[in-house]
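The values are calculated or read from the model by the stated rules, or taken from the named source; none is laboratory data. All figures in this text were calculated on a predicted structure; none of them were measured in a lab. Here the Cβ positions follow ideal geometry from the backbone for every residue, glycine too, while neighbour counts run over all protein chains shown. Surface accessibility is based on the protein's heavy atoms, side chains included, excluding ligands, DNA and RNA. Shrake-Rupley method; radii C 1.70, N 1.55, O 1.52, S 1.80 Å.
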Amino acid sequence: MFSNNQIFAAPLAGITDRPFRRVIRMFSPTSPLVTEMISCHSLVESHKNCPRNFDRYDDEGPIGAQIFGAIPDLMADAARILADAGANWIDINMGCPVPKVATRANAGAYLMRDHKLAGKIMDSVVRAVDVPVSIKTRLGWDDEHMDWRELINIAADCGVHFAALHGRTRSQGYLGKSTLPDVHDVPIPIIANGDIKSAIDAENAEKLGFSGVMIGRALLGRPWALFEIGGGVAPKNIGDVVLKHMEYMIEYYGERVAIPMFRKHAAWYSAGMPNSSDFRIRVNEVTTVADLRNEICAFWGCELKI
């Protein structure tokens, strides 16, 4: 069975920001986490409207910073910035399927179609930093181009330390069943990603030769998922966890931005619980921290601290 340092939190755009990572750390202080993907253009140009461009990672435990882009030199510059900010390793996104990344920016999953460019990016990033470099990719662009092995071999030749492999193609997006291949004969360690939700899923991945697992959507509303898969028990006081998450987001983004952003998290935390639909309706109408805190405490029965 995998140990805690082999159970990763996946990069999830708009979700695994610093506040959410802080909540994960309440349960999994030593598990490796990956930031949401960061544009190399935005980072290098220091766009002020993107708070994650200015994160420091020194106090976050084992953490990889994920970058995406299509210009090797710019990706190298971004990697240097993140390594200097305290990231333990740099992860290159080679699997994001959304059109604005994969087809319009020639980044993310597009690099599965252009292995020459992918190799140049990996080589530039590896040469730019002293910390390890990983990639996150998929089985291929579509069912006719399942060439992940070729990309992994190129990664190994470039000095990439390990890779995370999502068991779907780009054309699948996040639909259909994730299917993990046997990876016993690959040259670098591979982390399994896609529909990993339980200890049984992790055990099945281990039998296929994977060196660890990466948990993605199973974290939504369950920031303790890594802890559970590693043998822990979900918390009983979920309301207290929700409140702490809310506080972290307000501290990071400010009240005006944090409240609407937090609504999706409140929905995920409450999913499947009695009267959750009414709770979500009320949360979507609140505009102040006090009202949001009141709704959370009323729903979960936690103590309201003034």
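On a 1.4 Å probe surface of the protein chains, which of GLU60, GLU251 comes out largest in accessible area, and what is the full order?
Output order, biggest surface exposure first: GLU251, GLU60.
To the nearest 20 debye, what is the magnitude of the charge dipole of segment 257-306 about its Cα centre, counting +1 on the Cβ of each Lys and Arg and -1 on the Cβ of each Asp and Glu? Before the final figure, lay out each step's value.
On the way: 6 positive and 5 negative charges, 29 e Å.
Value, rounded to 20: 140 debye.
May I have the extent of the alpha carbons of segment 1-123 along their three principal axes, as whole Å values ordered from largest to smallest?
For segment 1-123, the Cα extents along the three principal axes come out at 39, 38, 25 Å.
Between ASP58 and MET26, what's the calculated FRET efficiency when r is the beta-carbon distance and R0 is 22 Å? Round to 0.05.
Computed FRET efficiency for ASP58 and MET26: 0.75.
Calculate the dipole size of segment 1-101 relative to its Cα centre from +1 charges on Lys and Arg beta carbons and -1 charges on Asp and Glu beta carbons; express the result in debye to the nearest 20.
About 280 debye.
Assigning unit charges at the beta carbon (Lys, Arg +1; Asp, Glu -1) and nothing else, what dipole magnitude in debye, to the nearest 20, does segment 1-52 show about its Cα centre?
Result for segment 1-52 is approximately 180 debye, rounded to the nearest 20.
Summarise the accessible area of segment 168-306 (1.4 Å probe, protein heavy atoms) by the percent that is carbon and sulfur.
Roughly 52 percent of what the probe reaches on segment 168-306 is carbon or sulfur.
Given ASN153, ALA205, ALA70, which one lies farthest toward the positive end of the charge dipole of segment 69-205, if we put +1 on the Cβ of every Lys and Arg and -1 on the Cβ of every Asp and Glu?
ALA70
When the chain is fully extended, how far beyond the present Cα-Cα distance does ASN275 get from GLU255, taking 0.36 nm per residue of separation?
4.6 nm
Which angle between 0 and 90 degrees, to the nearest 10, do you get for helix 115-128 versus the longest principal axis of the chain when only C-alpha atoms count?
On a 0 to 90 degree scale, this one is about 70.
Under a straight-distance cross-link criterion of Cα-Cα below 23 Å, which lysines are reachable from LYS236, leaving out those fewer than 8 residues away in the same chain?
Candidates past the 8-residue exclusion: LYS197, LYS244, LYS264, LYS305.
For ASP182 paired with ASP157, estimate the spin-label separation in nm (one decimal), with each label point 7 Å from Cα along the Cα-to-Cβ line.
2.5 nm
Extension gain GLU285-LYS236, at 0.36 nm per residue separation less the Cα-Cα distance, in nm?
That pair, GLU285 and LYS236, stretches by 14.9 nm at full extension.
Can you tell which of ALA85, GLY140, GLN172 lies farthest toward the positive end of the dipole of the chain, using +1 and -1 charges on the Cβ of basic and acidic side chains (Lys, Arg; Asp, Glu)?
GLN172
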